[in-house]
Amino acid sequence: MRVRRVVTTRAGGASRPPYDTFNLGDHVGDDDGDVYANRKRLAAELGLAEDKLAWMEQVHGRTATTVDGSETGAAEATDALVTATPGVALVVLVADCVPILLADAEAGVVAAVHAGRVGTRVGVVPAAVAAMREAGAEPQRIEALLGPAICGDCYEVPAAMAADVEKHVPGTACKTRKGTPGLDLRAGLWQQLAGLGVGKIGVDPRCTNEDKTLFSYRRDGTTGRLAGITWIEA
């Protein structure tokens, strides 16, 4: 089965500043009509019907929800979506958190995961991999993409916070460019995925805080959300 993965940028949408222009988040204060236009364009660009895009009400937790395309509205209070249904595209929204796209092409199972500091700490990635296994995936066949996110050079946090996350997910604590305590979530998540037996792990090195073609909450405060999307071609 062919797996597709897409990561969006700020370009090509209808939203006005400070959400300019391809904001896909409907929870950030943007005009509902502009967000709808952007989501409609996203579906068209992907070659999918609008109702085949599965969204989440992301809450920085560890809940993984399995969907089949029959659902209406966003999955409530969840930070990982899993499907084994071809043609259903799973969407994760971020603006510094790590979007993780997982796929076992042989089993025909994909997942989209929202992994911010809190979700990473409480185990959203192991929960997503467990849900994929329940759907028929095998970790050694899973390919993972860690998408654009704030990098360790930029993600400054209090020392106690860095130590706390490091205790739960080793490899996350780092020093920022300024030499202050920081977090490199993708580094820790890479180690966590490897520890779970995931067979292939790729990293998109772009930093949302540094790359102005991407949305960043840390840099801009009020801003839009980019998307990571994955699906199995029908």
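Coordinate-derived values only; no laboratory data. Please read all numbers here as calculations on a predicted model, not as lab measurements. Cβ placement follows ideal geometry from the backbone for every residue including glycine, while neighbour counts extend to all protein chains displayed.
Taking the conditions exactly as written (surrounded by fewer than 17 Cβ atoms within 10 Å (Cβ to Cβ) and free of Cβ contacts under 8 Å to residues at least 24 places away in the same chain), does K200 satisfy them or not?
Details: surrounded by fewer than 17 Cβ atoms within 10 Å (Cβ to Cβ): yes; free of Cβ contacts under 8 Å to residues at least 24 places away in the same chain: no.
Considered against the rule, which asks whether it is surrounded by fewer than 17 Cβ atoms within 10 Å (Cβ to Cβ) and free of Cβ contacts under 8 Å to residues at least 24 places away in the same chain, K200 comes out as no.
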Are any residues in the stretch 136-163 surrounded by fewer than 17 Cβ atoms within 10 Å (Cβ to Cβ) and assigned to a loop (DSSP other than H, G, I, E, B), and if so, which ones? G136, E138, D153, P158
Number of the exception - G171 against (1) at positive phi; (2) touching a strand residue (DSSP E or B) at 6+ places or on another chain (Cβ under 6 Å): (2)
Contact list please: Cβ distance under 6 Å, first residue in the stretch 216-234 and over 13 Å from V98 (Cα atoms), second residue in a loop (DSSP other than H, G, I, E, B) and basic (K, R), pairs at least six apart or on different chains. E233/R2
Residues of the stretch 201-227 satisfying the condition of being within 17 Å of the chain's Cα centre (by Cα) and not in a loop (DSSP other than H, G, I, E, B): I201, G202, V203, C207, Y217, R218, L226, A227
Step by step: first the residues of the stretch 1-18, then only those that are β-branched (V, I, T) and in a loop (DSSP other than H, G, I, E, B), then the one that is nearest to W231 (Cα to Cα). Which residue is that? T8
